[in-house]
1. For labels at K356 and T627 in the simple 7 Å Cα→Cβ model, what's the distance in nm?
2. Would you mind calculating the gained length between V532 and L385 on full extension (0.36 nm times residue separation, minus the Cα-Cα distance), in nm to one decimal?
3. Would you please state which residues of segment 744-764 a label at S160 would reach in this model, taking the label point 7 Å out along Cα→Cβ and a backbone N cut-off of under 16 Å?
4. On full extension of the chain, what length is gained from F186 through E219, given 0.36 nm per residue of separation minus the C-alpha to C-alpha distance?
5. Measure off 7 Å from each Cα along the Cα-to-Cβ vector at W143 and E721, then give the distance between these two points in nanometres to one decimal.
6. How about segment 172-249: which chymotrypsin sites (Phe, Trp or Tyr not before Pro) there are in a DSSP loop, with at most 14 other Cβ atoms within 10 Å of their Cβ?
7. Specify whether the C-alpha gyration tensor of segment 422-483 places it in the rounded, prolate or oblate class, a ≥ b ≥ c being the square roots of the eigenvalues: rounded for a/c under 1.5, otherwise prolate if a/b is larger than b/c and oblate if not.
8. Taking the Cβ of P544 as the centre, find all other residues whose Cβ is under 10 Å away and add up their charges (Lys, Arg: +1; Asp, Glu: -1).
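FYI, it's all coordinate maths here, none of it is from the lab. As the structure is a computational prediction, the values presented were derived from the model and not from experiment. Every residue, glycine as well, gets a Cβ built from its backbone with ideal geometry; the counts of neighbours run over all protein chains shown.
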Amino acid sequence: MEILVNLTQFGGWMGIIITSLISLMPFAIMGFLFAKHREEDPSYLISFDRMKGLKNAWTLLLVVTAPLVFVYNLFVWTAYAFVVFADFISVILKKIYDYLITPILKAIMWILNALLWVFLNVFWMPIKMIAKSLYYYCILWVWDLYKTSFLALNGTYNKSKLRIAFAGAFYALSIIGVSVYLSLLFGFVVIGMVGAVIACLPVIKSFGILTSVLHNSAEVDHNKYGDKVMRTALNYIIAALVSIVGIEVLLYLSIIPDFGLVFLGIAINTNVILSAVLILSLIVLFFAKAIMPNHLLYNDESTSFNNSVLKYLYAIRDKGLQVVLGLIPGSMWSVIVLAIPVLFIYAAISTADSFKKSALEHRTVSIYEDLTEAHLNALNIGDTLNKAEAAFKTAIELSVRSDQNAFGQGFPENMIDNPEIIFNSNNTSYTIELPKMIDAAIADTVSLAENIKNENDKIATLNAEIKEYKSQKWEYIVQRRNLKHYKDSWMTISKGVDVSRFVDKDVNEGESYAYRVRAKNISGTSKWSTEVNNRISNESLRAPSSLKAKSNLNFEVILQWTDNSNNEDGFVIERKLSDNNKWRVLVSIDSDVRQFTDNTIVTGKTYNYRVYAVGLGEESNPTNIETKSIRLSSPYMKSPKANLKSVLVDWVYSEWNYKKAILDTKTQIDNSTVGAYINNEQSFVDLLQVKIYEQEVIRESNQAALDLLTKKIHMFVSLIEYDDSQRFTLKIFKNITLLFVLLFIAFFGGLILSILITYAASLFYNVYKIKDNNPWYFLMLINEENDKNKNQPLLGFTLFILVIVFFAGGLVAFA
């Protein structure tokens with residue numbers, strides 16, 4: 001290695017060549033040895049034996065070419081060595097392939113063939129069938145349905161077909177409307193269900209007639225064929241109705257006492273069968289309009305329930321899916337078909353609704369004003385009951401009209417959102433208040449009757465007392481003595497029969513007297529009563545004080561003062577204007593009164609007030625002067641509201657609020673006397689007679705009030721009957737309105753449905769015939785695979801379903 005390195009460093013490129021040749025020498029020698037061992041020479045080798053004959057002048061050429069031949073042969077022997085190595089390796093590899101690789105490859109190929117068989121027969125086969133089915137049903141079949149639904153538009157606006165369809169739609173909607181009305185009226189939902197089922201009959205007949213028109217010539221009796229289709233459907237409708245009514249009746253009978261549990265047990269077991277019959281009938285009726293006319297068109301068979309139910313189920317199995325899928329593009333094209341009539345009817349309804357709103361809004365304002373006035377008149381019930389009853393009736397009538405107008409404003413949305421509104425009691429405020437008024441009047445009547453009875457009892461008692469008193473011949477003796485003169489004896493100052501009061505006027509100021517009384521009658525004489533002492537004082541009137549003036553209501557002044565005396569005969573109130581020096585008496589009022597309302601003032605002026613007491617022949621000093629001025633305040637304007645035709649100006653006037661003045665109850669001194677006593681005597685019998693007269697006055701007043709209350713009760717009873725009649729009239733109005741709504745829906749809904757039925761009949765007729773003679777495409781694929789392999793497609797779909805179930809179960813467990 002060091003020699004090669006030295007040669008490379010010594011000779012440059014010459015050293016590189018020599019180094020390369022020396023490095024090939026081991027391989028060349030190995031090639032030479034391989035050739036001798038194999039007894040063969042490389043065909044490209046240049047032998048020196050070919051140059052032995054070169055002499056004389058060619059000797060120089062030999063000397064020159066010999067190194068080149070050596071170098072060439074060096075490369076040839078080296079290449080030969082690599083060829084031998086390669087041949088040896090190939091032999092080794094061939095031995096390894098023959099004894100090791102070939103069995104492995106055969107095993108791999110067997111596994112690959114097995115996996116390919118599994119893939120083709122287990123996985124690929126269901127995927128292939130599903131893909132073909134999807135292509136067939138989602139592309140080819142869908143396109144046929146789409147094209148058929150478009151071609152079915154032809155002839156939709158046919159006059160004779162529309163007349164047939166309108167008859168069926170009108171009768172169907174009328175039956176549904178009447179059944180809904182009856183279900184609301186009686187509260188049984190089952191009536192609406194029965195009506196919905198029966199309403200299928202005229203529609204099915206229309207589909208039958210239209211199908212016959214599409215299929216047959218003009219000479220055929222299309223109505224006869226429509227009757228046949230309807231009779232066939234009638235079997236299923238009867239079965240559905242019997243099931244519905246049977247279920248409801250058995251469940252209703254379960255509430256009967258004692259036998260209810262028996263009927264409930266029968267219902268539980270029987271309703272299973274009835275429910276099965278109901279579901280089966282509803283399935284057939286759901287497809288009846290699309291399949292039954294076309295099925296009977298191509299199959300002349302019995303129309304009885306027992307003989308036809310399985311055939312219709314088979315027909316639904318074969319044609320039901322394509323009919324349902326045909327409705328998807330059909331519904332899109334039906335929008336175009338219905339655009340014109342729907343827009344026309346919508347425009348008519350919108351125009352009518354705008355006129356209705358305009359008229360009812362104007363009427364609402366008028367009714368509100370009249371109703372407000374009627375409320376005020378009705379609440380101010382006086383003694384003139386005829387006027388009061390007329391005012392009440394007017395208010396009741398306007399209240400009902402207001403409810404009717406409100407119902408009209410929300411119509412028909414309120415009836416659609418809440419159909420039960422037609423059966424509402426339509427109560428007004430008087431419906432609730434009038435019974436309360438009757439109850440209050442009856443309670444007052446009972447109270448007055450009790451009071452009259454008590455007054456009669458009191459009068460009878462007083463008369464009995466008078467009679468007893470007169471029969472006993474009562475006499476009273478009154479005596480007096482002066483307490484300052486102890487030696488004075490008792491002096492009789494009054495003696496007489498039937499005397500219950502005596503006024504001693506023979507008194508002197510500053511003296512003190514003692515009084516005693518003794519009674520006598522035919523039975524004997526009583527002891528003297530206890531002594532009563534009294535001193536004749538020298539008192540003068542005390543002036544009232546603390547006069548205050550307060551505003552009350554809008555143009556009233558409440559005057560309040562403190563009563564400081566107990567012997568006044570009354571008070572005098574004086575008033576003057578602030579710019580006038582002369583006081584004028586405003587009013588004189590009784591004693592023990594501490595408040596007076598001045599309602600004779602004028603806004604914008606200032607008044608001065610004062611009060612003094614009068615009694616015992618003199619006047620007291622006046623109170624303080626109180627000044628009060630009342631001014632009319634301005635209303636408060638609200639923000640105006642406006643529209644294109646009017647402006648609403650609204651304001652608030654707070655001065656109408658009632659402000660009640662508060663009375664101070666701690667500043668009153670009740671009179672112990674009422675001025676100077678009257679110098680007279682009073683008979684006990686006369687006193688009882690006065691009481692009897694007072695009781696008779698009270699009794700007569702109560703009797704008059706009782707008579708008035710009795711008349712009011714009769715009036716309130718009459719008003720309740722009038723209120724009931726008005727509300728019943730409104731209920732009739734709402735019911736008639738609902739019937740007109742049902743008629744409107746039946747007519748205009750029939751117009752729209754007639755176009756839809758005409759198009760749907762053509763659609764069902766054409767969709768029913770799509771690939772009519774071809775078997776189910778998926779079944780055809782199954783048969784093809786079964787012909788190729790008897791285990792298919794059972795094996796492929798079994799494993800396919802197991803894989804789906806496995807992954808679905810894993811997802812559910814993970815979730």
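1. Result: 6.8 nm between the two label points.
2. Computed gain between V532 and L385 is 47.2 nm.
3. Only 758, 762 pass the distance filter.
4. Values: separation 33, 0.36 × 33 = 11.88 nm, distance 4.78 nm.
Using 0.36 nm per residue and subtracting the Cα-Cα distance, I get 7.1 nm.
5. Between W143 and E721, the label points sit 8.2 nm apart.
6. Working: sites: Y181, F186, F188, F207, Y225, Y236; in loops: F188.
Within segment 172-249, the qualifying chymotrypsin sites (Phe, Trp or Tyr not before Pro) (loop, at most 14 other Cβ atoms within 10 Å) are F188.
7. On the way: a/c = 14.76, a/b = 3.50, b/c = 4.22.
It comes out oblate by the Cα gyration axes.
8. On the way: positive: R542, R594, R610; negative: D563, E568.
Computed value for this residue: +1.
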